[in-house]
1. Restricted to Cα positions, what overall size does region 1-53 have along the principal axes? Three whole-Å values, descending.
2. Using a 7 Å offset from the Cα along the Cα-to-Cβ direction at both ARG30 and ASP80, what is the distance between the two label points in nm, to one decimal?
3. Springs between alpha-carbon pairs under 10 angstrom, Gaussian network model over the chain: which of GLU122, GLU34, GLU93 fluctuates most?
4. Counting only C-alpha contacts under 8 Å and six or more residues apart, can you give the relative contact order of the chain as a whole percent?
5. Please compute P(r) over all alpha-carbon pairs of region 108-148, binned at 10 Å starting from zero, and give each bin as a whole-number percent.
6. Distances longer than 23 Å among the Cα atoms of region 78-161: what percent of all pairs is that?
7. Rounded if a/c is under 1.5, else prolate if a/b beats b/c, else oblate: with a ≥ b ≥ c from the C-alpha gyration tensor eigenvalues square-rooted, which is region 15-111?
8. Normalized C-alpha radius of gyration of the chain, against 2.2 N^0.38 Å?
Amino acid sequence: MTGPRRLSHAISDGDGISLIVSVRGPDDARRAEEGGAGALLAEGEVEAIRAVSGLPIVTAGIGGDARIVRPGDDDVEVADGVELVVEVAREEELEEALERLDPELLLLSARDSEQPVEHVLELLSDVPAGKLAIADVGGVSQAELDELERAGIDAVLLRDPA
């Protein structure tokens, strides 16, 4: 595949909710892709992961097809063709992200919440139409995954590969 792999296309195309699976290397990437992942969160070895997978790669740094930033980060520039994913955990951060960065992709983070699914759903209610919402809720059951999908979440980030 030539050119960047678009995360926004991967999670908005097709039926159902997409899974973005955290991977540490090529073996994890192969397993995640075989298991139905729609994209990968690279926790290391970006180039080695890219060599074995055609899925979009999300990173917190450079080298991916999409980059995760926070609304208050000073360095939110991304290379040409790299999509911006803005991580928010509170309403105030969501407001700042929308005003300052106007991202297409929002990562609704609830990893520190005692009720992560409910927290994400509260944040989702303030996400404008036309934005893609990714839930970061830690572990998720099939029932919770179904609930997130019904509510309009486009993708779920699974930080612990199976």
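Since every read-out is calculated from the coordinates, none of them should be taken as a lab result. Bear in mind the structure is a predicted one, so any value in this text is a computation, not a measurement. Neighbour counts run over all protein chains shown; Cβ positions are idealised from the backbone, glycine included.
1. Result for region 1-53: principal-axis Cα extents of 29, 24, 16 Å.
2. With each label point 7 Å from Cα toward Cβ, the separation is 3.5 nm.
3. In this elastic network of the chain, the residue with the biggest mean-square fluctuation among GLU122, GLU34, GLU93 is GLU34.
4. 23 percent
5. Over region 108-148, the share of Cα pairs per 10 Å bin runs 32, 56, 12 percent.
6. 18 percent
7. Note, shape of region 15-111 comes out prolate.
8. 0.96
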